[in-house]
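> Please read through the structure below; I'll follow up with questions.
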Amino acid sequence: MMDLDGFLPLVLPAVMACAARPLSGLLPPRTGTWLLTATGVALALASTATLAVLALGGALRLPLIAKLGHLSEHVLHHATETSPALATVAGLALVASLAAAGHAATTHIRALLDGARTARGLPGEGILAVVEDDAADAFALPGRPGRIVVSTGMLAALDPAERDVLLAHEHAHLAGRHHLFRTAAHIAAAVNPLLWPLRGAVTYTTERWADESAAGTDRARAARAIGKAALARNRRPGLSHPSALGIGPALARRGTRPGPLPRRVAALLAPPPPRRGLLVAATVVLVVLSVLSANDGAIDLHQLIEHAQAG
């Protein structure tokens, strides 16, 4: 049988899925964003490589491929790494994974390009574009240059100090290029559906990153501004563009767990989260195990091919 550790890249994403939400709240938001995004991408690549190895192993049993590679069919048929059933499942999963990744990448790239075109067409020459609309809304559109879009309804809902927090929050989204982190997390989740919780976790950490950047020394004022802006936006749907980043609606959740908005406000009312080196190290170890396991699988297949050619 194939070593069980060879399947680690297919199992460890489930572990990361369970850890995504806790990590998003425990780590400093900048650290959490980088760690969760990089971890998601690495685990998605490792799982894809493992599926490719499993699918290729079964394909070696096909007479045409065995003949072209000068492979011994006797050796291949006695190697469990070339199981046709396992290869069929892996091959189907690989095709579905690559198709989903391509669709996700295309969708997000189109949205970002549309957002950039919208940003260039907004009124005004500075980074801020004020739009006449009674609906309270505010968001950042990435582009060259990026723009911050705020409706008159949102400006009316906040006092001057709260408006400063709002604009600083949106500016932090542009400065931190948060759209790239979110896009990477979405594509990783498309590659491996087990990583789906990382999408929400990265969205949350980028919002928290922007919150912390906007908070300055008055965290209570920032919490009040974030809460008021989100609640004002929920009273009536606004203008938000599909590629927009920024203060979104208060996503209420049924059940006992609080949604993103209450968590963000509570985090601002508490001291900044400390650095947690052990959590970061544990996550890095998980990624290293997955990558090494995928690499071992590729090496094992290469050695099998050499053995089959010699046999």
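> Quick one: length gained pulling A156 to N295 fully straight, 0.36 nm per residue minus the C-alpha distance? Each step should come with its number before you reach the end.
On the way: separation 139, 0.36 × 139 = 50.04 nm, distance 5.69 nm.
Taking 0.36 nm per residue and subtracting the Cα distance, the gain is 44.3 nm.
> Can you give me the C-alpha center-to-center distance between the stretch 114-176 and the stretch 263-293, rounded to a whole angstrom?
31 Å
> Given the stretch 258-298, report the % of alpha carbon pairs whose separation exceeds 17 Å. Before the final figure, lay out the partial values.
Values: 476 of 820 pairs.
Result for the distance tail: 58 percent.
> Gain in length, R276 to E125, computed as 0.36 nm per residue apart minus the alpha-carbon separation, to one decimal in nm? All intermediate terms of the calculation are to be shown ahead of the outcome.
Values: separation 151, 0.36 × 151 = 54.36 nm, distance 4.24 nm.
Result for the pair: 50.1 nm of gain on full extension.
The numbers here are math on the coordinates, done by the rules we state, and not lab data. The structure presented is a predicted model; accordingly, all values stated were derived computationally and were not measured.
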